[in-house]
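*Asks:* This is the structure I have questions about; it appears just below.
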Amino acid sequence: MKHYYGNKIIINSSKQIFNKLIMIQHKLKFSTIIAVAALQTVCITSNAQTKTGLREVYKNDFLIGTALNTAQIEEKDSNVTKLIYQQFNAATPENIMKAEIIHPAWDTYNFDLADKLVAYGKKYGIKINAHNLIWHSQLPPFVRRIKDADSVKLFFENHITTVATRYNGKVYSWDVVNEALNEDGTLRNSIFLQKLGPDYIVEAFRLAAKAAPDTKLYYNDYNIEQPKKRAGAIEIIKKIQAAGVRIDGVGIQGHWHMNDVPLDKIEESIKEFAALGIEVMFTELDLSVLPNPTGRPGSADISQTAAYNEKINPYTKGLPDSVSQKLTQSYSDLFTLFLKYKKHISRITFWGVDDGQSWLNDFPVRGRTNYALLFDRNLIPKEAYYKLIELAKQKQ
């Protein structure tokens, strides 16, 4: 009896287990159907974004670019990689081609990451704007220790020739000289001005043109939409041209605040730079939504700092609708202007892919939460993104 009862329990238990397994199987089949449907939805959405993303809808107007960091270049996150491919057809490295990284010691060059960037661009059909050859900031420490002019000149010549030659024809363009001007339009008192004199900019373009005949050459700076600094940039460009040296374009960085986008000055700058027979680009575009503690509009001088306090970091829990609407309107106004002058503008580059990447989270105050770009921290497009898509489609 005991044995029979035990077998009965075993048989009943087996039936229960069998029934549960059937139920689980049905659930798994249903889950599989749901998963397949979700995957199909993702694929459809992905294909739709590829066909209607920024790079596609603006393809007949100007390039749409972004700044890439090391993790993005190395494709650490497949979702980010997919977004970049869907939305952008131009890219600028944030840091990896600056002298301190690519040329860390006198006889040492580190091309690993730059080579990866070139391969990345080729893989995804993205034109690479190399950034930059000559800049007073982010120099390798050994350069700052140089005392005599001849050694600075030798570094200057070797650096430009070696790096530009290596990537001739592999990158689309170079920011040859970056941020050489003060706010009043005079030349910045950099180590290059001190040791090489005011003609160093012309010489940089001469060396770059010789080393990279198949690459476009640009001057890049912030606030050069402002009249005094714009006049200084125009003087630089005219001096290069008068020397018979090639310069293909000028990059206006575009680090503005959403409440203070100088549209009239931007428009005048497009006209004046285009009149010189060169391309105009907006190369590091972002619109801050946070209070500016420095009181200097549009500045990207990385030496600026300010102390943290809660009043200048008001949106840690998300962006209010009213602020989001203002951001959307400011981007819309900008792109309306860009489209008006699209025959003169060759590229618009956002300085980062999403809000989490933006340098403005730490500039000029570390640890803030900014919302300066078109995609949020979860890679979700903002209202501003859809507005720019709408603008592009309206002009078709």
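Readers should treat all values here as calculations from the given coordinates under stated rules, not as data from a laboratory. Note that the coordinates shown come from a computational prediction; the quantities given were computed from them, not determined experimentally. Don't worry about glycine lacking a Cβ; one is built from the backbone with ideal geometry, like all the others, and counts go over all protein chains shown.
*Asks:* Taking the mean number of other Cβ atoms within 10 Å as a proxy for protection, how do you rank 213-225, 186-198, 239-251, 165-177 from highest to lowest?
*Replies:* The most tightly packed comes first, giving 213-225, 165-177, 239-251, 186-198.
*Asks:* For segment 381-386, what does the Karplus curve 6.51 cos²θ - 1.76 cosθ + 1.60, with θ = phi - 60°, yield as ³J(HN,Hα) per residue in whole Hz, taken in order and with x for Gly and Pro?
*Replies:* So the J values, rounded to whole Hz, are x, 8, 4, 4, 4, 5.
*Asks:* Right, something else. Relative contact order for segment 92-238 using alpha-carbon pairs under 8 Å, separation at least 6, rounded to a whole percent?
*Replies:* 25
*Asks:* So, R0 is 41 Å and r is the distance between the beta-carbons of Asp321 and Thr186; what FRET efficiency does that work out to, to 0.05?
*Replies:* Working from the Cβ atoms, E equals 0.40.
*Asks:* By a straight-distance test (C-alpha under 16 Å), which aspartates and glutamates pair with Lys153 as possible cross-link partners, with residues fewer than eight away in the same chain excluded?
*Replies:* Within reach: Asp107, Asp199, Glu203.
*Asks:* In the structure displayed, which of Lys317/Lys382; Lys343/Lys387; Lys76/Lys116; Lys127/Lys265; Lys123/Lys210 lie more than 18 Å apart, Cα to Cα?
*Replies:* Beyond 18 Å: Lys343/Lys387; Lys127/Lys265; Lys123/Lys210.
*Asks:* Check each of the trypsin sites (Lys or Arg not before Pro) in segment 61-101 and keep only those in coil by DSSP with at most 15 other C-beta atoms within 10 angstrom; list them in order.
*Replies:* Answer in residue order: Lys76.
*Asks:* Turning to a different aspect of this structure: Out of segment 309-396, which trypsin sites (Lys or Arg not before Pro) are coil in DSSP terms and have no more than 16 other C-beta atoms within 10 Å?
*Replies:* Loop-located and lightly packed - Lys317, Lys342, Lys343, Arg366, Arg377, Lys395.
*Asks:* A further question follows. So how far, in whole Å, is the C-alpha centre of segment 256-273 from the one of segment 116-189?
*Replies:* Distance between centres, Cα-based: 27 Å.
*Asks:* Multiply the residue separation of Lys395 and Asp115 by 0.36 nm, subtract the distance between their alpha-carbon atoms, and state the gained length in nm to one decimal.
*Replies:* Contour length minus the Cα-Cα distance gives 97.0 nm.
*Asks:* Something else about it: Here are some pairs, Lys59/Lys216; Lys59/Lys238; Lys98/Lys311; which of them have Cα atoms lying more than 25 Å apart in this structure?
*Replies:* Lys59/Lys238; Lys98/Lys311
*Asks:* Using a Förster radius of 35 Å, what is the FRET efficiency between Glu310 and Lys340 based on their Cβ-Cβ separation? Nearest 0.05, please.
*Replies:* 0.30
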